[in-house]
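Chemist: Dropping the structure in here first, questions after.
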Amino acid sequence: MDILYLNSRQMGFKVHGGSSGIGTFAIQIAKTRGVKVFVTAGNEEKLVVCKELGADVFINYRAEDFVARVKEETSGKASGLRMSPENKAEIVNEVEKNVWPAVVAGRVKPVVHKQCPLSSEAHWLIESSQHIDEILKQGRGR
């Protein structure tokens, strides 16, 4: 995920793999903060899910160049800042302050593709990348 500065007053957020578990969460959080969200995904079905979650710009990375598309969408004015492990304490602090309240209030919810017992089916779904968001793997007795 990258933070994009679209101009001096507007920030955007680029989410690679927008239909993944972290991607769907990031879209929802960014939208609760009023941020323009750019997403990439590998097929149209996954991009539809991103749209339903509130993303603004949808890029099929198999069909188009996302760097060129972001430049096109921002008239070449977007500059990026990649999140890095060096600012972990700042990230944790910002999550506690800005993210967790949205989760507690129910404005951000996990999207579950399927619940599977611990089996080859769950592993196959993950490896095939045909799922959208989370696959909950259940142990015995559930």
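Chemist: Looking only at segment 19-36, which residues are under 18 Å from residue 68 (Cα atoms) and in contact with a Cys (Cβ under 8 Å, 6 or more places away or on another chain)? Please lay out each step first, then the result.
Modeler: Residues of segment 19-36 that are under 18 Å from residue 68 (Cα atoms), as a first pass: 36.
Passing the criteria: none in range.
Chemist: Write out, first by first residue and then by second, each pair whose Cβ atoms fall under 8 Å of each other, whose residues are 6+ apart or on separate chains, and whose first residue, in segment 89-100, is closer than 18 Å to residue 34 by Cβ while the second is in a helix (DSSP H, G or I) and polar (S, T, N, Q).
Modeler: none
Chemist: Kindly establish whether residue 77 is of a type outside the set (A, V, I, L, M, F, W, C), surrounded by 12 or more Cβ atoms within 10 Å (Cβ to Cβ) and within 17 Å of the chain's Cα centre (by Cα).
Modeler: Details: of a type outside the set (A, V, I, L, M, F, W, C): yes; surrounded by 12 or more Cβ atoms within 10 Å (Cβ to Cβ): yes; within 17 Å of the chain's Cα centre (by Cα): no.
Here the answer is no, as residue 77 does not meet what is asked.
Every read-out reported here was derived from the displayed coordinates using simple, explicitly stated rules and does not represent laboratory data. Remember, predicted model here, so these are calculated numbers, not experimental data. We place every Cβ from the backbone using ideal geometry, glycine too, and count neighbours over all the protein chains shown.
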